[in-house]
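Enquirer: Quick one: this structure, given as structure tokens, is what I'll be asking you about.
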Amino acid sequence: MMIWLQGGAGADRLGGLGAEDGILRAAELDGAAELDALRRAMAEQRDVVLAQARGQALAL
């Protein structure tokens with residue numbers, strides 16, 4: 001089964017994927033959502049580490 005991404009409400013769940021990103025197989029759709037969730041979690045962790053490093057740098 002193929003799913004054409006139209007953007008809109010589902011786009012937020014998939015990190016902004018839209019029609020210009022092409023066609024995904026249905027089996028790949030959940031994988032894209034999982035990868036996007038992992039990307040978001042890593043970005044949040046990065047922001048925490050950077051904030052801590054900035055705080056330490058300011059303390060010097």
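Enquirer: Would you call ALA53 in a helix (DSSP H, G or I), at pLDDT below 90 and not charged (D, E, K, R)?
Expert: Judged against the criteria, ALA53 is not a match.
Enquirer: From (1) touching a strand residue (DSSP E or B) at 6+ places or on another chain (Cβ under 6 Å); (2) modelled with pLDDT of 90 or more, pick out the condition that doesn't hold for ILE23.
Expert: (2)
The values are calculated or read from the model by the stated rules, or taken from the named source; none is laboratory data. Model, not experiment: these values are computed from the prediction. Cβ sites come from the backbone with ideal geometry, for glycine too, and all protein chains shown count toward neighbours.
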